[in-house]
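Peer 1: First the structure, which I've put down as structure tokens, then a few questions once you've had a look.
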Amino acid sequence: MAKKNEIGIGLLGLGVVGSKIAGHLLQCIETLSLNLDGPMVLRRVLVRNMKIPRSISLPDGILTDDFSVVLNDPDIHIVVEVMGGEIPAADYLNQLLKKGKSVVTANKEVMAKHGPLLMAAAAHSGAELRFEASVGGGVPIVGPLQNDLLANEIISIRAIINGTTNFILTKMAKEKMEFTSALAEAQSLGYAEPDPTDDVEGIDAAYKIAILASLAFHTEVSPKNVYTEGITALQAEDFEFAHELGYEIKLLAIAERTQDGVQARVHPALVHRESMLAKVEGAYNAVEVYGDLAGPVVFHGLGAGPAPTTSSLIGDLLAVARSGEHPAPSRPRAKLPFKPMVDLETQYYLRVSIADQSGVLSQIAQVFGESDISIAAVTQKDVDNQQGTAQLVITTHPARESAMQTALKAIKEMSVLKKVHNLLRVETV
Ligand code: HSE
């Protein structure tokens with residue numbers, strides 16, 4: 001039987017993050033409960049398989065593999081979800097919120113795809129839904145967008161919000177590693193998942209920028225509205241050329257509010273080596289929010305790992321447990337239009353291999369000219385005398401994405417072209 005005033009906690013998931021949060025709660029529960037109306041008690045932990053040996057010892061009888069035990073326990077008031085994945089987590093959270101139990105989650109996929117539905121369920125039952133840990137690991141960014149920066153019209157968010165890819169890109173840049181070796185190292189250190197698709201294809205970052213853009217612009221941004229490109233096509237040569245031109249290459253997640261609507265995109269981009277984002281290294285994350293009043297505000301810290309994620313989860317848990325404190329409304333206020341990727345205007349970097357013969361440069365220049373794209377610089381190197389090919393890197397002045405795609409198509413059809421290695425965008429702001 002629960003004692004009066006006790007705040008009952010349920011935990012869904014006991015993987016690396018779940019074990020860290022359970023361990024920290026059990027070890028520090030008295031201190032953590034000091035400013036609450038009553039003590040917190042970890043009442044139930046849901047796992048898929050009860051038979052797996054655990055690294056953590058839990059009080060007898062709290063482990064269960066039956067979700068309904070958590071759902072129907074009247075003495076559980078707040079549930080922390082660290083199962084990850086969409087199914088069955090999204091359905092579990094919906095049921096819990098409908099039943100009036102508050103939820104704290106680290107689940108970016110569920111929040112990005114089902115955030116509006118879950119927020120509606122919470123608003124209907126009066127429960128709270130908090131998700132600081134879903135973006136940026138230990139970096140507070142959801143709370144600041146929901147509260148501290150609320151007076152602002154947010155103009156843009158530029159972020160590095162995937163620690164695995166930032167670790168890989170840092171290795172490729174600093175140690176001249178190829179992508180596959182850098183990925184293998186990220187996996188051996190436990191940064192990347194055994195199946196790293198969501199990280200390296202930009203999907204994880206797309207979930208996170210969808211969450212941030214929804215909060216920043218008070219609208220519904222789904223992952224489907226985010227243009228997404230990963231880092232798998234990048235090669236050591238791209239880093240060499242980028243460095244010669246004064247840039248680093250980063251996987252950026254960008255959300256902007258323009259007169260034509262909201263644009264959200266994830267792709268590798270060249271950023272000037274002196275910029276703040278260029279200096280974010282390893283598994284760190286950084287988010288720059290530009291507000292009309294606050295100007296640029298930067299959040300920087302560890303974006304992944306059990307301890308930073310536990311920091312955000314327990315912060316949210318305590319905020320829910322402190323009665324009377326509610327987050328600012330997160331529900332969308334307006335349905336804003338989306339600005340399609342073809343309307344983007346930015347600078348570009350194109351790396352191609354071409355036949356090393358006279359007249360080739362003028363043919364390429366003609367294609368750019370016909371698409372109304374102004375070339376900023378051309379670099380040629382790595383002439384392969386046997387094959388008779390050379391590598392060209394062309395950078396452009398600001399041009400429209402649609403024009404760039406037309407030029408790229410024409411270049412691909414040129415008989416002198418051997419290979420298009422990479423088309424990257426250059427972020428100058
Ligand atoms: N896979 C994520 C990353 C960690 O590498 O940033 C949690 O969101």
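The values are calculated or read from the model by the stated rules, or taken from the named source; none is laboratory data. Predicted model only: the values in this text are computed from it and were never measured. In this analysis, Cβ positions are derived from the backbone assuming ideal geometry, glycine residues included, and neighbour counts consider all displayed protein chains. SASA here: full protein model, heavy atoms, side chains in, ligands and nucleic acids out. Shrake-Rupley method; radii C 1.70, N 1.55, O 1.52, S 1.80 Å.
Peer 1: In whole Hz, what ³J(HN,Hα) sequence does the range 173-189 give by Karplus (6.51, -1.76, 1.60; θ = phi - 60°), x for Gly and Pro?
Peer 2: Rounded to whole hertz, the list is 6, 8, 10, 6, 6, 7, 3, 5, 5, 5, 5, 4, 5, 4, 5, 5, 8.
Peer 1: Along the Cα-to-Cβ line of MET414, 7 Å from the Cα, sits a label point; which residues in the range 340-361 have backbone N less than 15 Å from it?
Peer 2: Only 349-361 pass the distance filter.
Peer 1: Another question about this same structure. Using 0.36 nm per residue of separation minus the Cα-Cα distance, give me the extension gain between LEU63 and LYS3 in nm, one decimal.
Peer 2: Difference between extended and current length: 19.6 nm.
Peer 1: Can you give me the distance in nm between label points at GLU244 and VAL16, each placed 7 Å from the Cα along the Cα-to-Cβ direction?
Peer 2: Distance between label points: 3.8 nm.
Peer 1: Let me ask something else. Can you tell me the dipole magnitude for the range 122-241 around its Cα centre, using point charges on the Cβ only (Lys, Arg +1; Asp, Glu -1), in Debye to the nearest 20?
Peer 2: 300
Peer 1: Hey, what D do you get for the chain in µm²/s if you plug the Kirkwood alpha-carbon radius into Stokes-Einstein at 4 °C and 1.567 mPa s?
Peer 2: This corresponds to a translational diffusion coefficient of 56 µm²/s.
Peer 1: At what distance in angstrom do the alpha carbon centres of the range 103-117 and the range 352-374 lie from each other?
Peer 2: 47
Peer 1: Give me the percent relative contact order of the chain, please, defined on Cα pairs under 8 angstrom at least 6 residues apart. Please list the in-between numbers first.
Peer 2: Working: 892 pairs, mean separation 67.6, N = 429.
Across the chain, relative contact order equals 16 percent.
Peer 1: For the range 20-125, state which trypsin sites (Lys or Arg not before Pro) are in a DSSP loop and have at most 11 other beta carbons lying within 10 Å of their beta carbon.
Peer 2: Counting only loop positions with at most 11 other Cβ atoms within 10 Å, the trypsin sites (Lys or Arg not before Pro) in the range 20-125 are ARG48, LYS51.
Peer 1: In addition: With θ taken as phi - 60° and the coefficients 6.51, -1.76 and 1.60, list the Karplus ³J(HN,Hα) couplings across the range 332-348 in order, rounded to whole Hz; mark glycine and proline as x.
Peer 2: Karplus-based 3J(HN,Hα) across the range 332-348 equals x, 9, 8, 9, 8, x, 9, 8, x, 4, 4, 8, 4, 10, 7, 8, 10 Hz.
Peer 1: Would you grab the residues whose amide H sits under 5 Å from the one on ALA399? Only those 5+ places off in sequence or on another chain, please, with H modelled 1.01 Å from N.
Peer 2: Here the answer is THR346, GLN347, since their amide H atoms fall under 5 Å of that of ALA399.
Peer 1: Further question: Tell me which residues come under 5 Å, amide H to amide H, from VAL45 once H is placed; ignore anything under 5 positions away on its chain.
Peer 2: LEU11, LEU63, THR64
Peer 1: In Å², and per residue, what accessible area does the chain have when probed at 1.4 Å with the other protein chains present?
Peer 2: Working: 18950 Å² over 429 residues.
It amounts to 44 Å² per residue over the chain.
Peer 1: Two decimals is fine: what's Rg over Rh for the range 269-393, C-alpha atoms, Kirkwood radius as Rh?
Peer 2: For the range 269-393, the value is 1.17.
Peer 1: To continue, here is another question. Pairing the Cα long axis of helix 203-217 with the longest principal axis of the chain, what angle in degrees results, from 0 to 90 and rounded to the nearest 10?
Peer 2: With both axes taken from Cα atoms, the answer is about 70 degrees.
Peer 1: For the range 8-61, rounded, prolate or oblate, judged on the Cα gyration tensor with a ≥ b ≥ c (square roots of eigenvalues), a/c < 1.5 rounded, else prolate if a/b > b/c?
Peer 2: Here the range 8-61 falls in the prolate category.
Peer 1: Specify the inter-centroid distance of the range 1-64 and the range 252-272, based on alpha-carbon positions, in whole Å.
Peer 2: For the range 1-64 versus the range 252-272, the Cα centre distance is 40 Å.
Peer 1: Would you list which lysines come within 29 Å of LYS171, measuring only between C-alpha atoms, while excluding same-chain residues fewer than 8 positions from it?
Peer 2: LYS20, LYS108, LYS208, LYS250, LYS279, LYS381, LYS418, LYS419
Peer 1: Under 1.5 on a/c is rounded, so check that first for the range 185-261, then, if it is not, pick prolate when a/b is larger than b/c and oblate when it is not; a ≥ b ≥ c are the square roots of the alpha carbon gyration tensor eigenvalues.
Peer 2: oblate
Peer 1: Another question about this same structure. I'd like the carbon and sulfur percentage of the solvent accessible area for the chain, probe radius 1.4 Å, heavy atoms only, ligands and nucleic acids excluded.
Peer 2: With neighbouring chains kept in place, the figure for the chain is 50 percent.
Peer 1: In terms of modelled amide H atoms, which long-range or inter-chain residues lie less than 5 Å from the amide H of VAL221?
Peer 2: Long-range HN contacts for VAL221: SER214.
Peer 1: Let me ask you something else. Please state the shape class of the range 46-167: rounded when a/c is under 1.5, otherwise prolate if a/b exceeds b/c and oblate if not, all from the C-alpha gyration tensor.
Peer 2: oblate
Peer 1: With +1 assigned to the C-beta of every Lys and Arg and -1 to the C-beta of every Asp and Glu, and no other charges, what is the dipole magnitude of the chain about the Cα centre in debye, to the nearest 20? Numbers along the way, then the final one.
Peer 2: Details: 38 positive and 50 negative charges, 157 e Å.
Dipole about the Cα centre, nearest 20: 760 debye.
Peer 1: I want the local charge near PHE239. Using Cβ-Cβ distances under 13 Å, sum +1 for each Lys or Arg and -1 for each Asp or Glu among the other residues.
Peer 2: -1
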